[in-house]
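Single-structure report; data block below.
The values are calculated or read from the model by the stated rules, or taken from the named source; none is laboratory data. The shown structure was predicted, so the numbers you read here are calculated from the model rather than taken from an experiment. No Cβ is skipped: glycine too gets one built from the backbone with ideal geometry, and neighbour counts run over all protein chains shown.
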Amino acid sequence: MQLEDYFDFLAPNDIRLKGHRIGIETILLDYLELGLFPEQIAVRYPTLTLEQIYATITYYWHNQIDVDAYLHAWKEHGQRMRAEQERNPPPAVRRLRERIHQREPATQTQETSTREQRTKQQRTERVRCISSG
């Protein structure tokens, strides 16, 4: 079996483990950035075999320059997509943000009022203590 046989090369920016929706970036970021051992990665993704995880890591070390470029492009694409979503959020997200925004002033007013009441009660208690002492 060739190392490449473990993967589905769907597009230049989409390499997945054969028979899974899991991309090599998922395994490699756990390995490279989180410093997880293959056995720890296997626990996180129980549908993968240890052999598949080791194949992914081996593929990385055999093609490090290309895979580093792949990972860099993958991260940049993710950042662009998040920025685009932030600029143009879906309607459901816009509605949720509007609701949160509408509740914020009321919540802040309630918190301020509660804080003021607590301060008044504490002052009253102090006066009582001083008066009775």
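Per-structure values
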{"item": "Number of the exception - ASP14 against (1) closer than 20 Å to TRP74 by Cα; (2) of a type in the set (Asp, Glu); (3) surrounded by fewer than 12 Cβ atoms within 10 Å (Cβ to Cβ)", "result": "(3)"}
{"item": "Residue tally, condition more than 21 Å from the chain's Cα centre (by Cα), outside any loop (DSSP other than H, G, I, E, B) and small (Gly, Ala, Ser), over segment 9-23", "result": "1"}
{"item": "Some residue of segment 3-13 being among the acidic types (Asp, Glu), touching a helix residue (DSSP H, G or I) at 6+ places or on another chain (Cβ under 6 Å) and touching a residue at least 12 places away in the same chain (Cβ under 8 Å)", "result": "no"}
{"item": "Residues (of a type outside the set (A, V, I, L, M) and buried (at least 17 other Cβ atoms within 10 Å of the Cβ)) located in segment 35-56", "result": "PRO38, GLN52, THR56"}
{"item": "Residues located in segment 59-92, provided they are loosely packed, with under 11 Cβ neighbours inside 10 Å, of a type in the set (S, T, N, Q) and either touching a Ser or Thr at 6+ places or on another chain (Cβ under 7 Å) or under 30 Å from LYS18 (Cα atoms) (or both)", "result": "GLN64, GLN79"}
{"item": "Counted residues, segment 17-34 - those being surrounded by 15 or more Cβ atoms within 10 Å (Cβ to Cβ) and among the charged types (D, E, K, R)", "result": "2"}
{"item": "Tally of residues being touching a helix residue (DSSP H, G or I) at 6+ places or on another chain (Cβ under 9 Å), outside any helix (DSSP H, G or I) and either closer than 21 Å to ILE65 by Cβ or of a type in the set (Phe, Trp, Tyr) (or both) across segment 28-53", "result": "2"}
{"item": "Scan of segment 49-69 for residues that are without any contact (Cβ under 8 Å) to a residue 24 or more places away in the chain, closer than 18 Å to PRO12 by Cβ and either touching a Gly at 6+ places or on another chain (Cβ under 9 Å) or not acidic (Asp, Glu) (or both), ordered by number", "result": "ASN63, GLN64, ILE65, ALA69"}
{"item": "Test: THR56 is in a helix (DSSP H, G or I), within 13 Å of LEU17 (Cα to Cα) and either basic (Lys, Arg) or at pLDDT 95 or above (or both)", "result": "yes"}
{"item": "Yes/no for MET81 being out of contact with any Gly (no Cβ under 6 Å at 6 or more places or on another chain), free of Cβ contacts under 8 Å to residues at least 12 places away in the same chain, not in a helix (DSSP H, G or I) and not small (Gly, Ala, Ser)", "result": "no"}
{"item": "Extreme residue, modelled with the highest pLDDT, among residues of segment 93-114 that are exposed (fewer than 10 other Cβ atoms within 10 Å of the Cβ) and farther than 25 Å from ARG82 by Cα", "result": "PRO105"}
